[in-house]
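In what follows, a single structure is set out as structure tokens and then discussed.
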Amino acid sequence: MRKSWVIGGAAGALGVSFVMLLVVGVYIVAGNLVNGVTSGSRGLAKGAVPAAYKSLVQRWGNLCPALSPALLAAQLYQESGWNPTVVSPADARGIAQFIPSTWATHGIDGDGDGKRDIWDPDDAIPSAASYDCELAKYVKDVPGDVSDNMLAAYNAGAYRVIRAGGVPAISETQNYVKRIRSLEKSFAAPVSRLDPTRQAAGAIAFAQSRLGTPYLWGGNGTPEQGGRFDCSGLTKASYEKVGIKLPRVANDQYNAGPHPSRDELLPGDLVFFSDDLTDSRAIRHVGIYVGGGYMIDAPRTGAVIRFDPIDTPDYFGATRVTEEGAQALPTTV
């Protein structure tokens, strides 16, 4: 376990005052920063793609102009949550969720071993990129954004996109495109300053109000649980208080927005910790950053919600939660 900052008496009072200043500062900063993530980034955010697949996504995500590594990563995460063995109710299979009939015509031998295996990410990820780019060619003359139309064609078929003159009026397809384009920001390496969220101050205020509450594994703060939380239960409840619904577990919360670097952190950012610093799916702890190198978190059984330092060897990275990013996350991955 990481060493913790134990607050008591006067130190606690000073800490609360410190956080209140930070909460006010969030609103000031939110009003002054206006630059968001620049589109067109070809790089991937740290650890957003599991290490086993990062080189594949980076390479094949640059296959055509309509695609990018971050867009391909967002699509694969939306399709399977990086699970290479998942099967959908519609019999879509593997990490890229190909239906067997589509695989038969569009699957490629990505690793050059002489066979096309729908279950092998070394084939399925290149096949997803190849199929995306093939669809982009089909819809290149359709009005609108070519990447949006490409994703719509992946979901609904190129003919429907061509016939509709853009993303067709099919709710499933429209939501599919919107979710992936929103998630793309979570997988892209930021190339400019990131917008702070106006909800951050409210999330901090909620977490601050729970300081001293005993930890409970699986705790969601319900009356039956005595108002107790675990780490991701606390962060989920803090952002729900300001109208943003996060997934329940920490490694999915990581994808709720873009990722500021350590020196770009602002109060309200979620900060994550892992024993594997190359894979966001291995994240095991989360807290809410309050400034000055500290977070509010629910650390472990036997402890209470408190302030802890973030600069530890297992610090993984951070997420600036956005409403759009949170809404884009799949309900199950």
- request: Express the carbon and sulfur contribution to the solvent-accessible surface of the stretch 203-333 as a percent, rounded to the nearest whole number, probe 1.4 angstrom.
  value: 52 percent
field: Partnerless Cys - the chain, beta-carbon criterion under 4.7 Å
entry: C231
message: What figure, in Å² to the nearest 10, do you get for the accessible area of W119 with a 1.4 Å probe and non-protein molecules left out?
response: 100 Å²
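Per residue, how much accessible area does the chain have with a 1.4 Å probe, in Å²? Numbers along the way, then the final one.
Numbers: 14490 Å² over 333 residues.
With the other protein chains kept in place, the chain gives 44 Å² per residue.
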For the stretch 276-321 and the stretch 116-180, distance of Cα centres in Å: 37 Å
- prompt: Between Q327 and I108, what FRET efficiency follows from the Cβ-Cβ distance if R0 is 35 Å, with the result rounded to 0.05?
  reply: 0.60
query: Can you pull the accessible area of E240 for me, 1.4 Å probe, Å² to the nearest 10?
result: 80 Å²
query: Say R0 is 45 Å: what FRET efficiency, to the nearest 0.05, do K140 and T312 get from their beta-carbon distance?
result: 0.40
query: Leaving out ligands, DNA and RNA but keeping every protein chain, what accessible area does R93 have, in Å² rounded to the nearest 10, with a 1.4 Å probe?
result: 70 Å²
message: Quick check on my link table: of K54/K137; K115/K140; K178/K245, which ones sit more than 27 Å apart, alpha carbon to alpha carbon?
response: K115/K140
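According to the Kirkwood expression over distinct Cα-Cα pairs, how big is the hydrodynamic radius of the stretch 192-246, in Å? Write down the numbers at each step before the final one.
Working: mean 1/r = 0.0855 Å⁻¹.
Computed over the stretch 192-246, the radius equals 11.7 Å.
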field: Length added when fully stretched, S192-T278, from 0.36 nm per residue minus Cα-Cα
entry: 28.7 nm
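Would you list the membrane-span-like helices of the chain, meaning whole DSSP H runs whose alpha-carbon atoms span at least 18 Å along their axis and whose mean Kyte-Doolittle value is at least 1.6?
Values: long enough: 9-32 (35 Å, 1.89); 121-138 (25 Å, -0.41); 171-187 (24 Å, -1.17).
Answer set is 9-32.
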query: Within the stretch 303-333, what residues put their amide N at less than 19 Å from the label point 7 Å along the Cα-to-Cβ vector of L211?
result: 303-311
- prompt: What part of the accessible area of the stretch 130-173, given as a whole %, is carbon or sulfur when the probe is 1.4 angstrom?
  reply: 49 percent
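The values are calculated or read from the model by the stated rules, or taken from the named source; none is laboratory data. For clarity, every value in this text was computed on a predicted model and none was experimentally measured. Cβ coordinates were reconstructed from backbone atoms using ideal geometry, including for glycine residues, and neighbour counts include every protein chain displayed. Heads up: the accessible areas ignore ligands, DNA and RNA and are worked out on the full protein's heavy atoms, side chains in. Shrake-Rupley method; radii C 1.70, N 1.55, O 1.52, S 1.80 Å.
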